Amino acid sequence: MNLFDPLSLPNGSIIPNRLAKAAMEENLADAAQAPSAQLIRLYQAWAEGGAGLLISGNVMIDGRAMTGPGGVVLEDARQLQRFRDWARTGQAQGAQFWLQLNHPGRQMPANLGQPTWAPSAVPLALGNLSKHFALPRAMDESMIAEVIARFANSARLAEQAGFDGVQIHAAHGYLLSQFLSPLSNQRSDRWGGSLDNRARLLLEVVKAVRAVVSPRFAVAVKLNSADFQRGGFSAEDAREVLLRLDELAVDLVELSGGSYEAPAMQGDARDGRTLAREAYFIEFARELGRVARMPLMVTGGIRRRPVAEQVIASGVAMAGIGTALAIEPELPRQWRQGRDSAPVLRTITWKNKVLASLGNMAAVKFQLRRLGRGKPPRPQVAPSWALLVQQLGNARQARRYRRWITLRRE
């Protein structure tokens, strides 16, 4: 297989090549928590860059449950025209464009002023940073049913807006991932305990989404290969969940890993030392590819063409690229032209892993904001400066979000 061969999905639609713009949290919503002009301009850059598939950053299914204050919310039709504009922009050069649907569960900043939900009342373990997240409330049956219905509703609205599909986020320690992990899910009812019970919410969400969208609309899942925490969601658990997803109408599974507590999704490739470290989920994906009927996608530090080619040559259907496309949105086009570009951010050497992860994410978001304003990226920005700029921006967005949520209640 070649990086630029088309991929036929189980639903019959075709992705024009094997390179995907993986989800990165943009936090670029407007005052109505809808896609802003800056966000739409960002996706214009990626559409022109030549990736075959664009997957949005977090789109929240519930305006009361946010991964960050600048998050886009799709829970009703009030802002549907903005979503239509966003969809058309992303699809303008022939790429498929999917919305990533998410609920943060306990991974919601406390300064947003909203109660948090989780499978169990287990707080985040982030050391001194734990104070920034509230103790969650253990969900009851009605709350679980509401979450399932909200995922389905947002998927239905996404199709109405003209998107090609949705990706259900069940990785990185967000709500569906929290249900999968025995560390955060300590329930003794039908939603906890055995893996079958812990996976029940994800499977019910997939079935509910598929029931309300058309057969040609893609339904994908983002799944952790592991949480990288002792006693957490393991690689063997991931294999078993994938087998259960095999029985449903899932068009693609993206494999990633980690959470806020163990941010493996940031990877060890920031120093750029070896090709092998750039695709750190590839070995696991190769093993799962032998049992999965749906196409698999691997995301995790890919920034060099030889690594992307290695992913596809291993039998994985798609190579997901995140940070590298924040630095160089034209990377797929450059690779197609034979240029071996390999964009990289400034290396972070901070000893605190959680703080280093925050610094890395801030440096990525710094690039996204510049692209959204029509400016070139600055990959050598100091992570400390990017983090400061982000914190100031988050404070402004949090105030705006709290006003928005107050007005919704009136």
*In the range 10-25, which residues are open to solvent by 10 Å² or more (accessible area, probe 1.4 Å) and in contact (Cβ under 8 Å) with a residue 24 or more places away in the chain?*
P10, N11, G12, S13, P16, R18, A23, M24, E25
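This table checks each residue for (1) under 30 Å from P109 (Cβ atoms); (2) open to solvent by 60 Å² or more (accessible area, probe 1.4 Å); (3) without any contact (Cβ under 8 Å) to a residue 40 or more places away in the chain.
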| site | (1), (2), (3) |
| --- | --- |
| S181 | yes, no, no |
| R187 | yes, no, no |
| R190 | no, yes, yes |
| V205 | yes, no, no |
| A211 | no, yes, no |
| P215 | no, yes, no |
| V219 | yes, no, no |
| N224 | yes, no, no |
| S234 | yes, no, yes |
_Qualifying positions in the range 359-386 - buried (at least 17 other Cβ atoms within 10 Å of the Cβ) and touching a residue at least 40 places away in the same chain (Cβ under 8 Å)_ = N360, M361, V364, K365, Q367, L368, R369, L371, G372, P377, P379
*asked:* Which of the numbered conditions does V389 fail, given that it passes all the others? Conditions: (1) assigned to a helix (DSSP H, G or I); (2) free of Cβ contacts under 8 Å to residues at least 12 places away in the same chain.
replied: (2)
*In the range 326-353, how many are out of contact with any Gly (no Cβ under 7 Å at 6 or more places or on another chain), open to solvent by 20 Å² or more (accessible area, probe 1.4 Å) and more than 18 Å from L42 (Cα to Cα)?*
12
_With the requirement that a residue be modelled with pLDDT under 95 and assigned to a helix (DSSP H, G or I), what does the range 327-361 give you?_
K353, V354, L355, A356, S357, L358, G359, N360, M361
_Condition check for A125: open to solvent by 30 Å² or more (accessible area, probe 1.4 Å), at pLDDT below 95 and hydrophobic (A, V, I, L, M, F, W, C)_ = yes
*Within the range 74-81, is even one residue part of a helix (DSSP H, G or I) and of a type outside the set (G, A, S)?*
yes
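The values are calculated or read from the model by the stated rules, or taken from the named source; none is laboratory data. None of these values were measured; they are calculated from a predicted model. Glycine gets a Cβ as well: all are built from the backbone with ideal geometry, and neighbour counts include every protein chain shown. The protein model used for the area step is the full one, side chains on, heavy atoms only, and it has no ligands, DNA or RNA in it. Shrake-Rupley method; radii C 1.70, N 1.55, O 1.52, S 1.80 Å.
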